[in-house]
Amino acid sequence: MSDKLEANAVTAGKIAAGAVSADQIAANAITSEKINAQAITSAKIKAGDIQGDRIAANTITGGLIAASGIITDTAQINDSVITNAKIANAAITTAKIGDLQVTGLKIANGAITLSAFASDNGFSRFFTSGTFPAGISGIDTFASLTFPTNVGDDITVEVHYVFNSEDYQSSAGTNIKIRPMISIAGVEKSDYSQKFWSVFETTSHIPNNLKIRVVGTGSSMTATLRMYYEIDSFYNPAYTAYEVTNCIISAFASRK
């Protein structure tokens with residue numbers, strides 16, 4: 001019968017609905033312009049049939065990617081792809097750093113420090129009434145601090161304290177000398193000016209600061225605040241006293 005039909009005699013109106021099945025359609029007959037816009041839905045696409053070369057470059061944006069489960073293997077990330085700008089601040093924790101991976105060049109100068117502190121309330125030294133012959137001397141020990149060191153550590157030891165003195169009707173004048181010092185392991189490491197009293201002098205709560213630098217030995221060190229006093233002959237009808245309070249010792253070492 002097909003040879004009885006004139007060319008182009010069968011129009012769309014002559015074809016019954018559903019009359020054309022898949023095997024009546026010639027190969028490559030349906031071109032892109034034959035398909036209505038938005039006619040092909042996801043249900044019409046066979047699972048796994050969309051290949052990479054069917055996706056235009058830069059077409060898949062962040063909003064089209066699932067929130068998780070996209071990158072599941074390190075092989076999916078090219079070497080040197082993750083730059084500094086892609087790493088959030090404070091995102092790299094200790095557990096993410098391998099053993100022995102941080103070299104000296106990665107550590108800023110002075111970044112690694114040792115710090116230690118000790119405090120002491122102090123006390124008063126009284127010279128009561130009476131005659132004091134020359135040659136009396138002694139050392140009063142206040143705060144002490146023990147801290148570990150590495151060989152070659154550049155350690156700064158600082159001492160802060162408050163000094164107070166009283167002189168009631170004493171003829172001590174300049175006959176009592178006070179000299180503060182910092183000792184390390186019992187050896188004096190500082191040389192500070194001596195304090196001389198004058199008659200009827202009272203100094204009220206004067207803050208003082210001492211500082212020394214020592215080199216670490218690899219063993220623990222002990223720093224101590226001491227006051228050396230020395231008396232030349234004088235007569236004291238009442239009493240004379242000095243007081244050291246609010247003692248704080250600190251040690252800082254930069255290590256790299």
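Among what's in the range 183-203 and is part of a loop (DSSP other than H, G, I, E, B) and of a type in the set (A, V, I, L, M, F, W, C), pick the residue that is modelled with the highest pLDDT. Before you say what the answer is, go through the steps one by one.
The initial filter retains those residues of the range 183-203 that are part of a loop (DSSP other than H, G, I, E, B), namely 185-186, 189-194, 197-202.
From the residues that got through so far, the ones that are of a type in the set (A, V, I, L, M, F, W, C) too are 185, 197, 199-200.
Values: A185: 85, W197: 57, V199: 54, F200: 56.
Here the answer is A185.
What's the number of the condition L145 fails, among (1) touching a residue at least 24 places away in the same chain (Cβ under 8 Å); (2) under 34 Å from the mean Cα position of the chain (by Cα); (3) farther than 30 Å from S183 by Cα?
All conditions pass for L145, except number (3).
Sort out which residues of the range 50-65 are at pLDDT below 80 and not hydrophobic (A, V, I, L, M, F, W, C), and write them in order of number.
G52, R54, G62, G63
Show the residue pairs meeting these rules: Cβ distance below 9 Å; 6+ apart or different chains; first residue within the range 230-244 and within 14 Å of D140 (Cα to Cα) and among the acidic types (D, E); second residue modelled with pLDDT of 75 or more and surrounded by fewer than 15 Cβ atoms within 10 Å (Cβ to Cβ).
E230/G135; E230/I136; E230/S137; E230/G138; E243/F123; E243/S124
Please go through the range 204-256 and give me each residue that is in a strand (DSSP E or B), over 17 Å from G122 (Cα atoms) and at pLDDT 85 or above, ordered by number.
Selection gives K211, I212, R213, V214, V215, M221, T222, A251, F252.
Quick one: is I50 in contact with a helix residue (DSSP H, G or I) (Cβ under 9 Å, 6 or more places away or on another chain) and part of a loop (DSSP other than H, G, I, E, B)?
Values: in contact with a helix residue (DSSP H, G or I) (Cβ under 9 Å, 6 or more places away or on another chain): no; part of a loop (DSSP other than H, G, I, E, B): yes.
Considered against the rule, which asks whether it is in contact with a helix residue (DSSP H, G or I) (Cβ under 9 Å, 6 or more places away or on another chain) and part of a loop (DSSP other than H, G, I, E, B), I50 comes out as no.
Considering only the range 224-256, state which residues are over 21 Å from K177 (Cα atoms) and in contact with a Lys or Arg (Cβ under 8 Å, 6 or more places away or on another chain).
So the first thing to find is which residues in the range 224-256 are over 21 Å from K177 (Cα atoms), and the list is 246, 248-256.
Answer for the range 224-256, where residues must be over 21 Å from K177 (Cα atoms) and in contact with a Lys or Arg (Cβ under 8 Å, 6 or more places away or on another chain): there is none.
Mind checking which residues of the range 222-236 are surrounded by fewer than 20 Cβ atoms within 10 Å (Cβ to Cβ) and more than 21 Å from N164 (Cβ to Cβ)?
Residues satisfying the conditions are T222, D232, S233, Y235.
For the range 107-172, give me every one of the strands (runs of 3 or more DSSP E) that falls completely inside it and has 3 or more residues that are surrounded by fewer than 19 Cβ atoms within 10 Å (Cβ to Cβ), among the polar types (S, T, N, Q) and modelled with pLDDT under 85.
Details: elements: 112-127, 130-132, 136-147, 154-168.
It comes to 112-127.
The values are calculated or read from the model by the stated rules, or taken from the named source; none is laboratory data. Given the structure is predicted, the values throughout are model-derived calculations rather than measurements. Don't worry about glycine lacking a Cβ; one is built from the backbone with ideal geometry, like all the others, and counts go over all protein chains shown.
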